[in-house]
């Protein structure tokens with residue numbers, strides 16, 4: 001999760017690996033990370049959710065004028081790709097799905113406290129049923145060995161339908177990706193088995209399961225378009241993503257999902273209510 005140390009102004013911090021190389025620093029029991037225009041809204045949501053008893057998200061500590069936020073650190077392991085043995089385990093898959101359901105249920109209770117003044121990195125999507133994490137991937141879910149215990153990095157938080165968040169989570173956790181993608185696990189049959197395990201653990205209904213492949217395609221298309229827009233506006237992180245061909249991998253995964261759409265639906269709806 002981390003591998004080097006830097007001097008951070010007047011403090012010694014430990015750099016955490018992630019999407020913003022060298023910019024996220026752990027100091028004692030807190031994490032200092034870049035803030036954006038939506039960070040104030042994210043802090044508001046996290047406080048509300050924690051206040052209602054869901055403590056498996058970071059506690060907002062500070063939002064200063066220097067362009068950084070401070071939140072509590074959740075102790076444990078996160079995994080990027082290729083997934084660690086713990087992260088690719090069936091128990092991690094099951095507990096990650098259950099944790100996402102817990103978060104969604106907790107978020108329903110705070111929707112009424114949000115208004116048009118809220119700022120989101122990603123646009124709200126109707127019907128608004130829950131708050132979508134927006135990037136519920138193994139690198140944003142904290143594990144204690146092979147059990148999911150916490151969720152981090154809420155920059156992509158936004159209101160939307162359950163299926164919008166779940167389909168992307170399945171894409172990341174199954175993961176349903178082209179076998180040529182180095183992030184992939186197994187063949188389509190193993191991926192579908194893992195996707196069904198996730199759906200079962202989450203408690204996803206029959207009608208929603210039938211929508212998974214098409215919603216995955218829509219979600220990944222939206223992601224590619226967002227990456228292109230942000231890179232076009234000069235965002236260095238997204239420019240780097242494009243130079244590394246991330247968008248090409250997503251486009252290849254889109255075609256792979258389309259190719260296997262009927263097989264995916266048949267596999268994940270079997271035995272569901």
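Computed from the C-beta positions of residue 64 and residue 236, the FRET efficiency with R₀ = 25 Å rounds to 0.65. Each part reduced to its alpha carbon centroid, segment 219-259 and segment 138-214 end up 18 Å apart. Ordering 196, 29, 23 from the fewest to the most neighbouring beta carbons within 10 Å gives 29, 23, 196. Label sites at residue 36 and residue 190, each approximated as a point 7 angstrom past Cα along Cα to Cβ, lie 3.4 nm apart. Fewest neighbouring Cβ atoms within 10 Å first, the residues 90, 14, 117, 69 line up as 117, 90, 14, 69. With a/c under 1.5 counting as rounded, go ahead and sort segment 17-106 into rounded, prolate or oblate using the C-alpha gyration tensor (a ≥ b ≥ c being the square roots of the eigenvalues; past the cut-off, prolate if a/b is larger than b/c, else oblate). Oblate shape, in that a/c is at least 1.5 and b/c is the bigger or equal ratio.
Work out the FRET efficiency for residue 55 and residue 207 from their Cβ-Cβ distance, taking R0 = 30 Å, and round it to the nearest 0.05.
0.40
Subtracting the Cα-Cα distance of residue 108 and residue 128 from their residue separation scaled by 0.36 nm leaves 6.3 nm.
With a/c under 1.5 counting as rounded, go ahead and sort segment 223-273 into rounded, prolate or oblate using the C-alpha gyration tensor (a ≥ b ≥ c being the square roots of the eigenvalues; past the cut-off, prolate if a/b is larger than b/c, else oblate). Note, shape of segment 223-273 comes out prolate.
Estimated from helical segments only, the mean residue ellipticity of the chain at 222 nm is -14000 deg cm²/dmol, where each DSSP H run of four or more residues counts as -39500 (n - 2.57).
Between residue 47 and residue 84, the simple spin-label model (points 7 angstrom out along Cα→Cβ) gives 3.3 nm. Once you have a ≥ b ≥ c as the square roots of the Cα gyration tensor eigenvalues for segment 153-272, tell me rounded if a/c is under 1.5, and otherwise prolate or oblate according to whether a/b is larger than b/c. Note, shape of segment 153-272 comes out prolate.
Of the residues 120, 173, the one with the fewest other Cβ atoms within 10 Å heads the list, and the complete ranking is 120, 173.
Quick note: the coordinates plus some simple rules give every number you see, no bench work behind them. These figures come from a predicted structure and were not determined experimentally. Methodologically, a virtual Cβ is constructed for each residue, glycine included, from the backbone with ideal geometry; neighbour enumeration extends over all protein chains shown.
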